[in-house]
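*Asks:* One structure is given below, represented as structure tokens, and several questions about it will come after.
The values are calculated or read from the model by the stated rules, or taken from the named source; none is laboratory data. Here the structure is a predicted model, which is why all the values come from computation and not from measurement. Because the Cβ atoms are built from the backbone with ideal geometry, glycine has one as well, and the counts that use them run over all protein chains shown.
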Ligand SMILES: C[S@@+](CC[C@H](N)C(=O)[O-])C[C@H]1O[C@@H](n2cnc3c(N)ncnc32)[C@H](O)[C@@H]1O
């Protein structure tokens, strides 16, 4: 095993163990299969069973830890007449998407998408039971079951302003069979984002590894299709977290 894959495995184990303290067989399944719908269905079913009150589950941290990274993207409209389109990709039962809907001063359409129908149903039931008031009365919030390797089935090209990804790409990259899916997800994001749009990945992966991966995967026929940057979010429980920003570039491929 290379030092790189070893550090990924240890990191994945630490996060999963911290999140799932009681279910050891589920922990083992999660560590290797975080790219699988069935794993997450089981995770959200088991995390919500035995309790009558809904509680958001947050991977790494909640909205407050990253609001300063997200809110600057919600200050300018891409088109005067339309809502800003925001996607929380692999939303799980996190409050990130609902918090964006609640706090955005400009009208937004926030889509919280996940491959797990269990997570989507829990969130739909939660907002039905406890309505969230948006800052802007024209804002919209929806929860959809969607495999993000196939974003083109839900979105037209260049139609999304902001994609947030808290732990989803990490989950794919850390899975035995998920690395190809992580690359597909990135390419799909670059297709559906507007030229003025951005993808924000919140991750604990070290910049040496993630920037190299992003720069490699964002190439189309050897040409860089995106600009990539990183900022430190901060240290929480001894772990340093990062915000990776990916912005599409218009790629001009010459036939000469
Ligand atoms: C590490 S969890 C993060 C959940 C949430 N973003 C949070 O911050 O708590 C990864 C999420 O990605 C979802 N997921 C995995 N593969 C996916 C895919 N191909 N398309 C959409 N969601 C996916 C899982 O169901 C899970 O909810």
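Yes/no per residue for (1) within 16 Å of residue 35 (Cβ to Cβ); (2) out of contact with any strand residue (DSSP E or B) (no Cβ under 6 Å at 6 or more places or on another chain); (3) not in a loop (DSSP other than H, G, I, E, B):
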residue	(1), (2), (3)
164	no, no, yes
170	yes, no, yes
177	yes, yes, no
188	yes, yes, yes
196	no, yes, yes
208	no, yes, yes
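*Asks:* Let me ask something additional. Could you list, in sequence order, all residues of region 116-141 that are buried (at least 19 other Cβ atoms within 10 Å of the Cβ), touching a residue at least 60 places away in the same chain (Cβ under 8 Å) and near the ligand (Cβ under 10 Å from one of its atoms)?
*Replies:* Matches in region 116-141: 116, 118, 119.
*Asks:* Okay, next question. Taking region 80-115 only, how many residues are within 14 Å of the ligand (Cβ to nearest atom), in contact with a strand residue (DSSP E or B) (Cβ under 8 Å, 6 or more places away or on another chain) and not in a helix (DSSP H, G or I)?
*Replies:* Final tally of qualifying residues: 14.
*Asks:* On to the next question. State whether one or more residues within region 212-226 are in a loop (DSSP other than H, G, I, E, B) and within 16 Å of the ligand (Cβ to nearest atom).
*Replies:* no
*Asks:* Let me ask another. Inside region 157-200, can you point out the residues that are closer than 15 Å to residue 66 by Cβ and either modelled with pLDDT under 95 or more than 11 Å from the ligand (Cβ to nearest atom) (or both)?
*Replies:* 162, 163, 198, 199, 200 - these are the residues of region 157-200 that are closer than 15 Å to residue 66 by Cβ and either modelled with pLDDT under 95 or more than 11 Å from the ligand (Cβ to nearest atom) (or both).
*Asks:* Would you confirm, using the coordinates I've provided, whether residue 194 is within 16 Å of the chain's Cα centre (by Cα), within 30 Å of residue 223 (Cα to Cα) and surrounded by 15 or more Cβ atoms within 10 Å (Cβ to Cβ)?
*Replies:* So residue 194 fails the test.
Listed here are the residues, each with its yes/no results for (1) within 18 Å of residue 108 (Cα to Cα); (2) modelled with pLDDT under 95.
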site	(1), (2)
26	no, yes
29	no, yes
35	no, yes
41	no, no
47	no, yes
64	no, no
67	yes, no
71	yes, no
95	yes, no
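*Asks:* Name, by its number, the condition in (1) free of Cβ contacts under 8 Å to residues at least 12 places away in the same chain; (2) outside any strand (DSSP E or B); (3) away from the ligand (no atom under 16 Å from the Cβ) that does not hold for residue 232.
*Replies:* Going through the list (1) free of Cβ contacts under 8 Å to residues at least 12 places away in the same chain; (2) outside any strand (DSSP E or B); (3) away from the ligand (no atom under 16 Å from the Cβ), residue 232 breaks only (2).
*Asks:* Restricting attention to region 42-62, which residues are part of a helix (DSSP H, G or I) and near the ligand (Cβ under 8 Å from one of its atoms)?
*Replies:* If the condition is that a residue be part of a helix (DSSP H, G or I) and near the ligand (Cβ under 8 Å from one of its atoms), then 43, 44 are the ones that fit.
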